[in-house]
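Readers should treat all values here as calculations from the given coordinates under stated rules, not as data from a laboratory. Predicted model, so just to flag it, every value in this text is computed and none were measured. Cβ atoms come from the backbone with ideal geometry, glycine included; neighbour counts cover every protein chain shown.
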Amino acid sequence: MCGIIGYVGSSDAKKVLIDGLQTLEYRGYDSAGISFFHEDTIETVKTVGKVSALRHLVKEKATDKTSFCGIGHTRWATHGGVSSTNSHPHTAGKVTLIHNGIIENYQKLQADLEEKGKKPISQTDTEIAAMVIDDCYHGDPESAIREAVSKLTGAYGFCIMFSDIPETIYAIRSGSPLVAAHTDKGSIIASDMVALVNHTKHYFVLKENHIAKMTKEEIIVKNEYGEIYGPTIHHISWDVGAAKKGGYEYFMMKEIHEQPDALRNTIRPRLVDGLPNFETDGVSDDIFKNINRIVITACGTAMHAGLIGRNMIERLARIPVTVEIASEFRYQDPIIDEHTLLITISQSGETADTLAALKLGKERGAKTLSVVNVKGSSIARESDYVLYTHAGPEIAVASTKAYSVQLAVMYLIAFRLAYVTGTCSTEETQKYMDSLVHVADSVEEALSFDNQAENISHRLAKANDIFFIGRGLDYALSCEGSLKLKEISYIHSEAYAAGELKHGTISLITDNVPVIALATQPDVYAKVISNVQEVRSRGARVILITDSNSSVDASLCDHQIILPETDPLFTPFVSAVILQYLAYYVSVEKGLNVDQPRNLAKSVTVE
Ligand code: M6R
């Protein structure tokens, strides 16, 4: 949520900041701004709208003097509407800062400041944070920052400039991510590695409550006791091209096409003697022993991957699994103990609700395993064990390849668990692994269904409501298909367990209401087809997705999509591509910004 960047060095800071913001725009795109030093002055340019609008404004209005130090922000509004005044950076006295996160006690702090006669000009919690730091500043920036943050509750990643300390940026964080690097061209910090990759492949994660002092020459990090701290350097394993569109109109389409490779990269390193193996991940089988239940917790798409994971784990390993929405989990006093395995799933590894659920699970003694895409992210660091997905950077707000690889890791976990606990023999496990290894080929085949999906999408784009139905694995996948569609097409959509429709929701099915029915599972196939008959006889326009073995009476549906030949247990990987395509083409048909849907941001670091 919100993209932030700071740079000090020998390059043109305005350019570094704006180019960096462009790569971070997926984290928030309500408004954008930069502040930069020239000589001893700090100049700020900010505007509502996208980074491209900021780029124009900077060209038009900013000084043409070169700057070598500055901070930049692209906003996802939380406190205060979308306006130029509310956009970042915010200045109070000698302090200019950018912020990613939420200051929960800002009203109380504001009241205290107003008692001293200090009034904010915006409606934001961030300006209050700037005012608090300025209030504490008497010439020593680090003690001012320390004193100020001790008064704040909430989450923050701050980059701060003091007008009387030119060519220097200070940074501190709690809850919200910040990664930084020093190169021969200076020091750079950002909320996300994608903004660093153009400059370097080596970075470090600023630890919570450490303060980084950044100058052209170096970055000095001090821990909470004021001692100099040498951070661990990580290496970005993907290259610059991975975070670029590579000829596609939208990142989402590029990322859909990256799924076969992402699956191979995630599955193959974990295949040893035909069996799933997490040794190179450092995940010991002990984590699967002495557990009597598994709780999976995550948000959005990642939670949907958890639903499929539950199905596979219960089916193969016969261990009870519940899937909990992370934002609910922590407030329902969950029953977990040392015999619980808590699995958190997250692409970004920074989702505030998921992180909070993980912390609660740990407090209550659960063993914790996370499935995460971003290396070194907060969720990865907090967990006892991590299984990384290898999707590379996912830029489109709508998750596609990250979902597929989350599924893959959940299948690997189910197979390993079943093997370790003995519910699957070596031969059975090897057979499952063989199918999983080959699923990337089926996904590759499914990529050629784009024309079919595009043709269907023309009609779907006119609908007000669209329903997805399925049973078992297909129901879990319907949830994801529906989320994807509403997220980027703004069409109301619901996913229903096909058998549940008749208990209420079928009253919404009238002439030409589109129903996307998934019927890929042999054990419930006949039942789903009966449910399709039920909606069909109420006038629904049915798009039926079946596996290659089903013979369907043509009168039952308006369109049928027959998946490439795939073992039924593995069809979610393949059906997912079809549903992603449908959502994508409906969004394109409606002329929407596929990658940056309204009101959303890629990484949700507020609760
Ligand atoms: O980074 P995470 O996987 O933790 O994110 C969770 C959700 O915010 C995310 O999956 C969201 O639902 C996607 N935008 C859906 O496409």
*Do any trypsin sites (Lys or Arg not before Pro) in region 517-604 lie in a DSSP loop with no more than 12 other beta carbon atoms within 10 Å, and if so, which?*
Arg598
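With a cap of 10 neighbouring Cβ atoms within 10 Å, and only residues DSSP puts in a loop, list the chymotrypsin sites (Phe, Trp or Tyr not before Pro) found in region 145-229.
Numbers: sites: Tyr156, Phe158, Phe162, Tyr170, Tyr203, Phe204, Tyr225, Tyr229; in loops: Tyr225, Tyr229.
Here the sparse-neighbourhood loop sites are Tyr225.
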*Once the dipole of the chain is set up with Lys and Arg at +1 and Asp and Glu at -1 on Cβ about the Cα centre, which of Thr426, Ser150, His438 lies farthest towards its positive end?*
Ser150
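Compute the relative contact order of the chain as a whole-number percentage, counting only Cα pairs closer than 8 Å that sit 6 or more residues apart in sequence.
Working: 1382 pairs, mean separation 71.3, N = 607.
Averaging sequence separation for qualifying contacts and normalising by length gives 12 percent for the chain.
Taking other Cβ within 10 Å of each residue's Cβ, how do Lys362, Lys401, Lys46 sort, fewest first?
Numbers: Lys362 16, Lys401 31, Lys46 23.
The order, fewest Cβ neighbours first, is Lys362, Lys46, Lys401.
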*Dipole of region 1-135 (Lys/Arg Cβ +1, Asp/Glu Cβ -1, origin at the Cα centre): which of Val132, Leu17, Ile103 lies farthest to the positive side?*
Leu17
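State to the nearest 20 debye the size of the charge dipole of region 8-105 about its Cα centre, where the only charges are +1 on K and R beta carbons and -1 on D and E beta carbons. Please list the in-between numbers first.
On the way: 11 positive and 10 negative charges, 33 e Å.
That gives a dipole near 160 debye.
In percent, how large is the relative contact order of region 117-162, given Cα pairs closer than 8 Å and 6 or more residues apart? Please list the in-between numbers first.
On the way: 21 pairs, mean separation 11.9, N = 46.
Answer for region 117-162 is 26 percent.
Take Tyr250, Tyr490 and order them by how many other Cβ atoms sit within 10 Å, fewest up front. Please list the in-between numbers first.
Working: Tyr250 20, Tyr490 15.
Starting with the residue having the fewest Cβ neighbours, the order is Tyr490, Tyr250.
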*Among His99, His438, what is the fewest-to-most ranking by other Cβ atoms within 10 Å?*
His438, His99
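Under a point-charge model restricted to the Cβ atoms of Lys and Arg (+1) and Asp and Glu (-1), what is the dipole moment magnitude of the chain relative to its Cα centre, in debye to the nearest 20?
Values: 58 positive and 76 negative charges, 139 e Å.
Here the chain has a charge dipole of around 660 debye.
Going through region 87-161, which trypsin sites (Lys or Arg not before Pro) have at most 12 other Cβ atoms within 10 Å and a DSSP loop state?
On the way: sites: Lys94, Lys108, Lys116, Lys118, Arg146, Lys151; in loops: Lys94, Lys116, Lys118, Lys151.
Filter output for region 87-161: Lys116.
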*Only helical DSSP H runs with n ≥ 4 go in: add -39500 (n - 2.57) per run for the chain, normalise by residue count and round the 222 nm mean residue ellipticity to 500 deg cm²/dmol.*
-11000 deg cm²/dmol
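If you place +1 on the Cβ of every Lys and Arg and -1 on the Cβ of every Asp and Glu, how big does the dipole about the Cα centre of region 522-585 come out, in debye to the nearest 20? Display every interim value, and only then the final one.
Details: 4 positive and 7 negative charges, 65 e Å.
My answer is approximately 320 debye.
Per-residue counts of other Cβ atoms within 10 Å, averaged by peptide: what ranking do you get for 342-349, 210-217, highest first? Walk me through the intermediate numbers first.
Details: 342-349: 29.6, 210-217: 19.5.
Top to bottom by mean Cβ count within 10 Å: 342-349, 210-217.
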_Residue (of Ile379, Ile456, Ile121) at the positive-pole extreme of the chain, dipole from beta-carbon charges_ = Ile121
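With both bridge residues required to lie in the chain, what share of the DSSP beta bridges run antiparallel, to the nearest 5%?
Numbers: 62 of 102 bridges.
Bridges in the chain are about 60 percent antiparallel.
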